[in-house]
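Have a look at the structure below, then the notes.
The values are calculated or read from the model by the stated rules, or taken from the named source; none is laboratory data. The structure displayed is predicted, hence computed values, not measured ones. Heads up, the Cβs are rebuilt from the backbone with ideal geometry, glycines too, and the neighbour counts pull from every protein chain shown.
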Amino acid sequence: MKKFITFLSIVLIGANFLNGQTKEEIAQSIERIEKISKLESPKSTSVASLDNLTVNIGEVALESTNITPLLQNLYYRSIGETKDGVADVTIKKPSLEECKELATRILKQTQKIQEISALVPNVTSETSSIKNPLKLPKILSSLNYAKTAISLLGEESLFQAKAIKNIIGTISSGNNL
């Protein structure tokens, strides 16, 4: 009986911790994903490194918009609620394997964002040498796109990593009791 009460206490504390902290973060994540999905890839600038950067950002943005709904689903399943906040005991809790699989995708996503961020200094130095006034608007548009996208993707990636860590921690602690 004592183990059951301890287990129930830990699960409730974990759920309240996740519930209180993450619902607001999920709302912010939804806003970020909407902004990311509304970003339009700029046209080709004839600067190879910049065009490569925008293509890579587009791929990362697509993967991020695919990961976040999966993460939200795992979160709601882990706390036993629907997206509307209604408790539902019939929801199948996520397995540790599901979470680890998503965590792997999030890790790869984070690594890609770091690689993209490392390309920015080279792109900036290469584009600063272009003096043709006809090319500058496209270049500035692409640079602004990259800056905005990298910022949003970085924030989303941090949220995703933190959320999956919390979900795995909750599931692991529940399985250990």
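Taken together, the residues in region 97-144 that are loosely packed, with under 15 Cβ neighbours inside 10 Å and within 14 Å of L74 (Cα to Cα) amount to 3.
For every residue, the table says whether it meets (1) touching a Pro at 6+ places or on another chain (Cβ under 8 Å); (2) at pLDDT below 95; (3) in a loop (DSSP other than H, G, I, E, B).
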{"residue": "S78", "(1), (2), (3)": "yes, yes, no"}
{"residue": "K93", "(1), (2), (3)": "no, yes, yes"}
{"residue": "P121", "(1), (2), (3)": "no, yes, no"}
{"residue": "S125", "(1), (2), (3)": "no, yes, no"}
{"residue": "L140", "(1), (2), (3)": "no, yes, no"}
